[in-house]
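Trainee: Once you've had a glance at the structure underneath, I'll fire off some questions.
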Amino acid sequence: DILAAAGCSVAVTSRDGEKARRSAVEIADRYGVRTFGIALDQSRFEPVRDAVAAVADWSGGQLDILVNNSGGGSWGSVARLFERDPADLDALIRTNLTGAIYCCREAGRLMAHQGSGRIISIASIAAYVGRDRSIYDRNGLAGQPVDYAAAKAGILGLTRDLAAYLAPMGITVNA
């Protein structure tokens, strides 16, 4: 909302395209800015490439800010490492880390071409602090798997390295 409140045109993505489109309409109605909603499964490269191309078409080739706000939990299996389904572990890493890399690659390419841009990635306190899982147990909560913490720590490393890599191209990167 803060970008729209500042007058930015906003593209909204979600795994659920209808949800993205509804959110885009709500933002446009609330702030009077141009919006675009599009489905995106960022766990795979091709949809990211296609979504960034669609946003570039919609915006006239200009992309000033990317907010990596991917998130996701356990994908149905338990959060406990020894019981966790390896396929769910892979899916979480692909969405929370690999997908963010894909987005940075494709959006960063546009930003480099225009000589400026901002990439903001959302990490988590889980990247810094090991959690006492008994808190989840005592409160009947599923908890977060260790692969979530690993993905969000990866976002921090990605951010630091991309900041150095993209700075000569006029792009800042923060988390």
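Trainee: Using a probe radius of 1.4 Å on heavy atoms only, what accessible surface per residue do you get for region 61-175? Whole Å² is fine. Don't skip to the end; give the middle numbers.
Mentor: Numbers: 6140 Å² over 115 residues.
With all protein chains present, region 61-175 gives 53 Å² per residue.
Trainee: Placing unit charges on C-beta atoms (Lys and Arg positive, Asp and Glu negative, everything else neutral), compute the dipole magnitude of region 21-175 about its Cα centre in debye, rounded to 20.
Mentor: Result for region 21-175 is approximately 280 debye, rounded to the nearest 20.
Trainee: If ligands, DNA and RNA are left out, what is the accessible area of ARG118 with a 1.4 Å probe, given in Å² to the nearest 10?
Mentor: Number for this one is 110 Å².
Trainee: Taking 8 Å as the Cα distance limit and 6 or more residues as the minimum spacing, I'd like the relative contact order of the chain as a percentage.
Mentor: Rounded, it is 20 percent for the chain.
Trainee: Once region 29-90 is represented by equal point scatterers at the alpha-carbon sites, with solvent omitted, what log10 I(q)/I(0) does the Debye formula produce at q = 0.12, 0.25 Å⁻¹?
Mentor: For the requested q values the scattering log ratios are -0.49, -1.13.
Trainee: Roughly speaking, to the nearest percent, how much of the chain's 1.4 Å accessible area is carbon and sulfur? Provide the component values of the computation, followed by the final result.
Mentor: Details: 5280 of 9620 Å².
Carbon plus sulfur share of accessible area: 55 percent.
Trainee: How about region 35-117: which trypsin sites (Lys or Arg not before Pro) there are in a DSSP loop, with at most 16 other Cβ atoms within 10 Å of their Cβ?
Mentor: ARG44, ARG80
Trainee: Between ALA87 and MET169, what FRET efficiency comes out of the Förster formula 1/(1 + (r/R0)^6) with R0 = 35 Å and r the beta carbon distance, rounded to 0.05?
Mentor: Once rounded, the FRET efficiency stands at 0.40.
Trainee: Follow-up. From the residues ALA11, ALA164, ALA153, which one has its Cα farthest along the dipole of the chain in the positive direction, the dipole being from +1 and -1 charges on Cβ of Lys/Arg and Asp/Glu about the Cα centre?
Mentor: The residue sitting farthest along the positive end of the dipole is ALA164.
Trainee: Which part of region 104-132 falls in the paramagnetic zone of VAL78, meaning amide N under 20 Å from the point 7 Å along Cα-to-beta-carbon?
Mentor: So the set is 131-132.
Trainee: If you don't mind, there's one more thing I want to ask. Could you pull out every residue, at least 5 positions away or on a different chain, whose amide H is within less than 5 Å of the one on VAL10? Hs are placed 1.01 Å off N in the peptide plane, and Pro or chain starts have none.
Mentor: Excluding prolines and chain starts, which carry no amide H, the hits are ARG34, THR35, PHE36.
Trainee: I'd like the Kirkwood hydrodynamic radius of region 112-165, using the inverse of the mean 1/r over distinct C-alpha pairs, in Å.
Mentor: Details: mean 1/r = 0.0756 Å⁻¹.
Here the Kirkwood hydrodynamic radius works out to 13.2 Å.
Trainee: Bin width 5 Å, origin at 0, all Cα-Cα pairs of region 48-170: what percent of pairs per bin?
Mentor: Bins of 5 Å from zero give 2, 11, 19, 19, 16, 12, 9, 7, 4, 2, 0 percent of pairs.
The values are calculated or read from the model by the stated rules, or taken from the named source; none is laboratory data. Note that the structure is predicted; figures quoted are calculated from it, not measured. When we count neighbours, we look across all protein chains shown, and the Cβ atoms used for this are built from the backbone with ideal geometry, even at glycine. Ligands, DNA and RNA are stripped out before the accessible areas are found, and what is left, the full protein with its side chains, is counted by its heavy atoms. Shrake-Rupley method; radii C 1.70, N 1.55, O 1.52, S 1.80 Å.
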